[in-house]
């Protein structure tokens, strides 16, 4: 058997793959049983989202140990641990989305995890195998800050933190108390140069608050911050959305500085002094500084687009085309934040791949299929989350108008009755009756005859 493996290594790889799949099935079944049992118990005390979150954390801890020691038999390193965590963050988002989808479709909360597991477990196997066996954590080496980048990054980071501290101090007493209707409260009281505080609203009380055709996935990207905020609410008794959003904004702003510095210095070959000067100038612009602290999507879009440019520049420097999977990931990230950003990803892929961009396989799987799917999802999101709320708002507005009209008619009728009673009571008291009600005076009729005037230029 050993000689056959040496002669035919593909057989060894095949057997290893089958063994990994079998061990993954055993570990996955055990982790799923732990997760479902914990979810069922938690469902007796809290809502399904929080119960699934606690259950997933317990399942994750078991799955990490079993995957490293048993399923894939690799050594535990910091990189693999971080990669495993990243894979499960993606899996957690998929599980929460599919769980709520099946609950909204009418499946009971007790049985909804079953179809959720059927959808998410196979995808999770591929993600975990990629990060543990193929060292997928190398993808995140791009976030390692180099020494020369701290010279401009550290001062700007301090400025971002100070600006967010000022913003938090301004709205702490307004936005930290727990509310029933966060939308009206936050929209009414937030004022920052025309920026919308929709991220505060979504992180405080999750809903498809953004325009789903312009930002099709942004609300779902905010689901993990929302769940984190729910946990902080439970621990602290206040709404921590302003703190959670501040951390996200500072992260995106700081790495925007790092990516811009790297593009100018290594992709364009500008001197170190000029690179630092241009970075400082760019982030000193008032609109950029406001975008870095405003709870909107602008700094997130800047972060995603600079990341796209940096990835494309690295591919060009290595003289390798941008693969399909990397194009899809960048498209989902950028177009999910703001749909028109997806066009920049396609432009970056076009300049990186050249004429290979128009190959049928790349054009279909990297451009046409993701575009169609994200547009279809936006339409589904509108029909599922936005349209019912709009119908309710229109019905409530029509009902309110009808009630106001009925109330005005009743008040007018009461005034008319009061006036008529006053007119009847006045002759008995020996008073001169009034001809018209006091609240609606009219001019007396004139006895002056009406003279028709015809201009001279009008012919009979």
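Suppose R0 equals 22 Å. What FRET efficiency, 1/(1 + (r/R0)^6) with r the Cβ-Cβ distance, do residue 50 and residue 86 give to the nearest 0.05? Computed FRET efficiency for residue 50 and residue 86: 0.45.
Of the peptides 235-245, 26-36, the order by per-residue mean of other Cβ atoms within 10 Å, starting with the highest, comes out as 235-245, 26-36. Residue ranges 385-398, 161-174 sort as 161-174, 385-398 when ordered by packing (mean number of other C-beta atoms within 10 Å per residue, highest first). Across all directions, the average projected area of the convex hull around the alpha carbons of region 145-386 is 14.1 nm². Based on the convex hull around the alpha carbon atoms, region 320-409 presents an average projected area of 7.4 nm². Mind jotting down the distance between the C-alpha centroids of region 34-53 and region 337-399, whole Å? Distance between centres, Cα-based: 33 Å.
Label-to-label distance for residue 235 and residue 144 is 3.0 nm, based on points extended 7 Å past Cα in the beta-carbon direction. Highest average first, the peptides 208-221, 178-191 ordered by how many other beta carbon atoms sit within 10 Å of their residues are 208-221, 178-191.
Each value in this text was obtained by applying a stated rule to the coordinates, not by laboratory testing. Quick caveat, the model's predicted, so the values are computed rather than measured. Glycine gets a Cβ as well: all are built from the backbone with ideal geometry, and neighbour counts include every protein chain shown.
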